[in-house]
Amino acid sequence: MANKITIPDILKAQPMVWDKLSSIYNSGRIGTAYCFSGPSGCGKQGMALAFAALMNCENPEKFPDCECLSCRRFNTLQHEHLHLIVPLPALSQNSENTLDRKGMDFFTKELEKKKNNLFHKIRIPKSTRIVLQSIRNLRKSLYLRSTLKGRKTAVIFESDLLGIGSGESANALLKILEEPPQSTTLILVTDFKDNLFPTIISRCQHIQFPSLEDNIVEGMLKEKGIDDEKIKWISFLSEGNFVTASNIADKNWEEINTFFDFISDFMVADDYKKLYKFASDYTNLSRTNTPEFQFHFYLIQRWLIGALHLKNGIHDSLTETSLGIGINRFLSRYPSVNLYELNILVNSVLEGFSRNANMALLLTNFIIQLQKELSKTNTS
């Protein structure tokens with residue numbers, strides 16, 4: 001699938017958010033810190049880069065179609081006023097570097113993907129936190145005098161990972177927020193705003209992002225050459241998450257259908273050998289194929305949402321297909337099941353995975369807690 005998503009695409013995807021940011025810019029009262037939060041795949045990261053580009057554009061009346069030197073450099077993510085902070089693997093405490101040579105090569109490739117697709121999430125292997133050295137280096141860069149016009153902008157992706165460990169990275173950032181350099185804006189981007197330190201949140205202006213509208217997702221997929229029949233399936237599975245929509249677009253529908261059948265069988269299984277085999281298989285998958293592991297657990301969440309909608313009489317295209325058969329079978333067996341609790345269990349796996357938890361223990365606990373929750377309402 002052609003996957004080039006640029007700043008104009010992001011602005012069209014989130015027009016109401018962009019109107020708000022444009023108003024802030026036009027007012028001349030740009031803040032020193034913002035928190036962009038909302039569901040995954042809604043364009044927060046791309047919008048942060050767009051706002052940074054606008055704040056440095058030489059001809060803002062022409063933005064986002066401006067071709068000034070500043071905008072061209074922002075389009076390559078190479079502008080002197082742009083500072084990107086992403087989760088990284090931990091290095092020696094005495095190291096002044098944030099990445100070794102292998103990690104730097106990987107980051108360069110990821111940055112190239114980000115440049116061509118602003119929905120792409122930069123992923124460096126074994127990255128579990130925003131490391132302290134990144135914030136130290138950022139502080140040095142922000143306090144250096146610049147001869148360029150515009151605003152220095154630091155964009156911190158997955159900023160909820162600032163507080164991992166003893167929270168030294170969050171505390172170091174807090175010092176910058178307490179005494180920000182002139183003509184500087186920091187943008188914290190996160191799916192999990194509640195995981196940020198309250199002292200950091202209190203110093204940020206909050207910009208909330210909604211999920212993408214179905215027609216936006218469908219239109220973007222159509223522009224990328226996806227046929228109409230496949231777009232229909234992608235739309236009701238992705239639920240406004242364009243990252244997920246892109247993943248599904250690259251999949252074979254029969255493969256997805258087979259996995260949904262597997263979920264339906266798994267959710268009513270009471271054979272502990274099969275359940276613990278699931279834990280073992282997915283522990284291995286988390287190590288060998290991270291994107292596939294995350295995608296499968298997303299589909300489990302989507303299956304549970306379909307079950308919740310069916311139980312509450314809410315329209316959901318998923319349950320109106322053949323996929324609804326397995327969901328009906330599950331609800332017949334567990335009519336009083338607490339689907340919110342089951343979704344929390346799935347979230348705990350994904351959050352634990354993002355924090356590099358022991359997946360064998362995490363998935364075993366997932367199986368145990370899932371069976372406990374189902375046993376409360378088992379009527380068979």
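The values are calculated or read from the model by the stated rules, or taken from the named source; none is laboratory data. On a predicted model such as this, the values are computed, not experimentally measured, just so you know. All Cβ positions, glycine included, derive from the backbone under ideal geometry; neighbour counts span all protein chains shown. Ligands, DNA and RNA are stripped out before the accessible areas are found, and what is left, the full protein with its side chains, is counted by its heavy atoms. Shrake-Rupley method; radii C 1.70, N 1.55, O 1.52, S 1.80 Å.
Okay, here's what the table says:
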item: Any hit, region 36-52, residues being of a type in the set (D, E, K, R) and more than 29 Å from D227 (Cα to Cα); result: no
item: Residues (assigned to a strand (DSSP E or B) and within 12 Å of V86 (Cβ to Cβ)) located in region 132-177; result: A154, V155, I156
item: Answer from N257, N247, N241 - the residue that is surrounded by fewer than 18 Cβ atoms within 10 Å (Cβ to Cβ) and out of contact with any strand residue (DSSP E or B) (no Cβ under 8 Å at 6 or more places or on another chain); result: N257
item: In region 196-209, the residues that are closer than 15 Å to P39 by Cβ and surrounded by 15 or more Cβ atoms within 10 Å (Cβ to Cβ); result: I207, F209
item: Residue that is modelled with the lowest pLDDT [pool: residues in region 340-359 that are crowded, with 17+ Cβ neighbours inside 10 Å and not aliphatic (A, V, I, L, M)]; result: S354
item: Test for V337: is it in a helix (DSSP H, G or I), open to solvent by less than 50 Å² (accessible area, probe 1.4 Å) and at pLDDT 90 or above; result: no
item: Condition broken by S183, with the remaining ones in (1) of a type outside the set (D, E, K, R); (2) surrounded by fewer than 17 Cβ atoms within 10 Å (Cβ to Cβ); (3) free of Cβ contacts under 8 Å to residues at least 60 places away in the same chain satisfied; result: (2)
item: Condition met for I325 (open to solvent by 50 Å² or more (accessible area, probe 1.4 Å) and out of contact with any Pro (no Cβ under 9 Å at 6 or more places or on another chain)); result: yes
item: Per-region count, region 42-89, residues basic (K, R) and in contact (Cβ under 8 Å) with a residue 40 or more places away in the chain; result: 1
item: Any chance S159 is without any contact (Cβ under 8 Å) to a residue 12 or more places away in the chain, closer than 22 Å to A90 by Cα and among the small types (G, A, S); result: no
item: Residues of region 187-207 satisfying the condition of being touching a Gly at 6+ places or on another chain (Cβ under 6 Å) and of a type in the set (S, T, N, Q); result: Q205
item: Subset of region 360-380 [in a helix (DSSP H, G or I) and open to solvent by 20 Å² or more (accessible area, probe 1.4 Å)]; result: A360, L361, L362, T364, N365, I368, Q369, Q371, K372, E373, S375
item: Listing of helices (runs of 4 or more DSSP H) fully contained in region 188-302 that carry 3 or more residues being farther than 30 Å from Y334 by Cβ and within 23 Å of the chain's Cα centre (by Cα); result: 198-201, 214-223, 242-249
item: Sole exception among (1) of a type outside the set (D, E, K, R); (2) open to solvent by less than 20 Å² (accessible area, probe 1.4 Å); (3) over 22 Å from S183 (Cβ atoms); (4) touching an Asp or Glu at 6+ places or on another chain (Cβ under 7 Å) for I5, by number; result: (4)
item: Candidate set from region 26-57 (those that are polar (S, T, N, Q) and over 21 Å from the mean Cα position of the chain (by Cα)); member that is farthest from L118 (Cα to Cα); result: S27
item: Positions within region 315-334 being at pLDDT below 90 and in a loop (DSSP other than H, G, I, E, B), in sequence order; result: H315, D316, T321, S322, L323
item: Single condition S134 does not satisfy, out of (1) of a type outside the set (A, V, I, L, M, F, W, C); (2) surrounded by fewer than 19 Cβ atoms within 10 Å (Cβ to Cβ); (3) over 21 Å from A50 (Cβ atoms); result: (2)
item: Cross-chain or 6+ apart pairs with Cβ under 7 Å, region 109-135 first and polar (S, T, N, Q), then surrounded by 19 or more Cβ atoms within 10 Å (Cβ to Cβ) and part of a loop (DSSP other than H, G, I, E, B); result: S127/P87; T128/P87; T128/I164; Q133/T98; S134/T98
